[in-house]
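Student: Please read through the structure below; I'll follow up with questions.
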Amino acid sequence: MTTPGTNMNGYGFRHAVRMERIKLRSLRSTWWLAIAAVVSMAAAGAGVGLGYRSHTPVATAAQILNNSLGGAIVAQLLLGALGVLMVTGEYGTGMIRSTLAAVPRRRIVLAAKVAVCGGAALTVGLVASFAGYLSGQLAIRGTAIPAASLADPAILRAVLLTGVYLGVTALIGVGIGTIVRHGGAAIGTLFALMFVPMIVAGLFGESGIAVGRFVPLLMLLNSIAVTSPVPGLFSGWISALLMCGYAAVAILCGGMLLRHRDA
């Protein structure tokens, strides 16, 4: 038998989740960012496929797949921005005060945002990843280029993990948005965290691999969205787990600040 406190906490979380779903669906930016993420992946896949149709020598299935998923570079920023706006939008309008008045337990508010944004972003991320894969395959139809079949575990893994990566990026955005609380600054911080470490690691050449394997964008391009990870980097699964760890740290830091700061 559960205690009254547990029942109230459970009800509070379900209530908060319903609130967050309504807010997420009502935001026009949510739909635009989700659509743009899918379109960017599909456009990149189609562009790569068309570019390889007359390429000499004939491209391999791995080349087509690896490059077809390259649209994730843009899609990650779009879904990361979605996660940021999930939090900062309320601070910008002052609605956060009403949210915290309706659900006083701040950790429940943040947990609800994470649950709703995570579910939505993972769905969009997987759709976008499959869109990139499918558009690339359609663009090479009728050529001598071998198709990349999802029956191949390496192909399926790359497509699935790319979708997971995109979904987790949105959760990192939620954490950064909770820490920074200002939309523009939080999106700028997300952009910097994604690209600046890659530039720094690149300055060290091959010796930078030891550091680069921990960098999100390098993990995406060389470990997650590829059939064969670059030697010296973590496997796709480990890289995806690392991204989940980054999201957890960002959310935990945001949660601690949320508890001790005024709305």
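The values are calculated or read from the model by the stated rules, or taken from the named source; none is laboratory data. All figures in this text were calculated on a predicted structure; none of them were measured in a lab. Cβ: placed from backbone, ideal geometry, glycine included. Neighbour counts: every protein chain shown. Ligands, DNA and RNA are stripped out before the accessible areas are found, and what is left, the full protein with its side chains, is counted by its heavy atoms. Shrake-Rupley method; radii C 1.70, N 1.55, O 1.52, S 1.80 Å.
Student: Mind telling me which of the residues ALA147, ALA120 ends up being closer than 24 Å to GLY188 by Cα and open to solvent by 30 Å² or more (accessible area, probe 1.4 Å)?
Tutor: ALA120
Student: Search the stretch 226-259 for residues being touching a residue at least 60 places away in the same chain (Cβ under 8 Å), open to solvent by less than 50 Å² (accessible area, probe 1.4 Å) and assigned to a loop (DSSP other than H, G, I, E, B), and hand back the single one that is nearest to PRO153 (Cα to Cα).
Tutor: THR227
Student: Only residues that are more than 17 Å from THR30 (Cα to Cα) and open to solvent by 10 Å² or more (accessible area, probe 1.4 Å): list them for the stretch 183-197, please.
Tutor: Step one: of the stretch 183-197, the residues more than 17 Å from THR30 (Cα to Cα) are 185, 188-197.
ALA185, GLY188, THR189, PHE191, ALA192, LEU193, PHE195, VAL196, PRO197 - these are the residues of the stretch 183-197 that are more than 17 Å from THR30 (Cα to Cα) and open to solvent by 10 Å² or more (accessible area, probe 1.4 Å).
Student: Also: Just need a number here: residues in the stretch 148-182 that are in contact (Cβ under 8 Å) with a residue 40 or more places away in the chain, over 17 Å from PRO229 (Cβ atoms) and among the hydrophobic types (A, V, I, L, M, F, W, C).
Tutor: 9
Student: Condition first: touching a residue at least 24 places away in the same chain (Cβ under 8 Å) and not aliphatic (A, V, I, L, M). Now tell me which residues in the stretch 12-22 satisfy that.
Tutor: Listed by number, the residues that qualify are GLY12, PHE13, HIS15, GLU20, ARG21.
Student: Further question on the same structure: Mind listing just one residue for me: the one in the stretch 208-225 that is assigned to a helix (DSSP H, G or I) and open to solvent by less than 10 Å² (accessible area, probe 1.4 Å) and, of those, modelled with the lowest pLDDT?
Tutor: Result: GLY208.
Student: So for the stretch 18-34 (the condition being surrounded by 21 or more Cβ atoms within 10 Å (Cβ to Cβ), touching a Leu at 6+ places or on another chain (Cβ under 6 Å) and at pLDDT 85 or above), does at least one residue qualify?
Tutor: Scanning the stretch 18-34, I find at least one residue that is surrounded by 21 or more Cβ atoms within 10 Å (Cβ to Cβ), touching a Leu at 6+ places or on another chain (Cβ under 6 Å) and at pLDDT 85 or above, so the answer is yes.
Student: Might you let me know whether the stretch 163-178 holds any residue that is at pLDDT 95 or above and open to solvent by 30 Å² or more (accessible area, probe 1.4 Å)?
Tutor: Yes: one or more hits.
Student: Using the structure shown, decide if THR93 is without any contact (Cβ under 8 Å) to a residue 24 or more places away in the chain and open to solvent by 20 Å² or more (accessible area, probe 1.4 Å).
Tutor: So THR93 fits the description; yes.
Student: Could you pull out every one of the helices (runs of 4 or more DSSP H) wholly within the stretch 54-141 that has 3 or more residues that are closer than 15 Å to ARG181 by Cα? Spell out how you get there, then give the answer.
Tutor: Values: elements: 61-68, 72-93, 95-102, 106-139.
So the answer is 72-93, 95-102, 106-139.
Student: If I filter the stretch 96-111 down to residues being farther than 15 Å from PHE13 by Cβ and touching a residue at least 12 places away in the same chain (Cβ under 8 Å), which single residue comes out as most open to solvent (accessible area, probe 1.4 Å)?
Tutor: Of all residues in the stretch 96-111, those farther than 15 Å from PHE13 by Cβ come to 96-98, 101.
With touching a residue at least 12 places away in the same chain (Cβ under 8 Å) added as a condition, the list becomes 96-97.
Numbers: ILE96: 7, ARG97: 152 Å².
Residue satisfying both the conditions and the ranking: ARG97.
Student: Conditions: (1) open to solvent by less than 50 Å² (accessible area, probe 1.4 Å); (2) modelled with pLDDT under 95; (3) part of a helix (DSSP H, G or I). VAL200 meets all but one. Number of the miss?
Tutor: Unmet condition: (1).
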